[in-house]
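The values are calculated or read from the model by the stated rules, or taken from the named source; none is laboratory data. If you're wondering where the values come from, they're calculated on a predicted model, not measured in any experiment. Reconstructed Cβ throughout: ideal geometry from the backbone, glycine too, with neighbour counts over all protein chains shown. With ligands, DNA and RNA removed, areas are computed over all heavy atoms of the protein, side chains included. Shrake-Rupley method; radii C 1.70, N 1.55, O 1.52, S 1.80 Å.
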Amino acid sequence: RIRLTTKMAVAWIDTSTLPSSTELFAEIASEIVADAERNHHTIPLEVARTISNQPTSSYDAYRQCRLCLRLLNREGIRHVVVFDEFDAIRGFSDAAVTIQRLRDLIYRRFETGLAAVFVSRRTLRNIEQQLADISTLDNVCEQFSVRPFDEDTLWLLAERCRDEWKISDQDKQELLWYSGGHPYIAEMILCHALPTRSMSTGCEAVMASILE
């Protein structure tokens, strides 16, 4: 398995499987800590103590999650959380305030180290239009309609570099692995990889820009 040199933790959360925002914020913290441990990053003792406490309310779960993110960020560990089926947040009884709290965690990335990807059949704007009087995620997130390239189309994209870089079969496989066929990510990796002729360097540069 190829790993980046960046000190980071990645979590994938299926929002549709969670009954409330309390479980959502608890899941964010626990999944990030679990991935950091899998990658042998040093976890502050206060983080372990915090996630071992059962939250008494949605706000308590949010407060604990925010504390864990801040403590890990101070250790130089950045985080990426993918929220799959994000449409399901509309079913939370406190959906509006949950979105506000998620927005705060992302907006204050300099403190939390958190970057997020929201995967949804509806746009964030459409979701939030159903929830009145909130500070929106839509205003702090870039919007992409995602449909991955197949291998042949991805190779055509890579061949744009052929005048300056003879891309090997291994380079192509690395591009597919890092980008998952996502057109925008693949293009950005190629852009950053071209000066050094290294897909891994290109991917690290893209991840660094996401976490800035």
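Could you work out how far helix 199-211 tilts from the main Cα principal axis of the chain, as a 0 to 90 degree angle to the nearest 10?
30
Return one whole number: the accessible area per residue of the chain in Å², for a 1.4 Å probe.
Each residue of the chain exposes 55 Å² on average to a 1.4 Å probe.
Below 14 angstrom from the Cβ of Q54, what's the summed charge of the other residues (Lys, Arg +1; Asp, Glu -1)?
My count for the surroundings of Q54 gives -1.
Grab the other residues whose beta carbon is less than 15 angstrom from that of R121, score K and R as +1, D and E as -1, and report the net.
-1
Averaged over every viewing direction, what's the projected area of the C-alpha convex hull for the chain? Give it in nm², one decimal, please.
So the Cα hull casts an average projection of 12.3 nm².
Mind pulling the angle between the C-alpha long axis of helix 95-107 and the longest principal axis of the chain? Nearest 10 degrees, somewhere in 0 to 90.
Helix 95-107 sits roughly 50 degrees off the main axis of the chain.
Along the Cα→Cβ direction, 7 angstrom out, place labels at T17 and E46. What is the inter-label distance in nm?
The two pseudo-label positions are separated by 3.1 nm.
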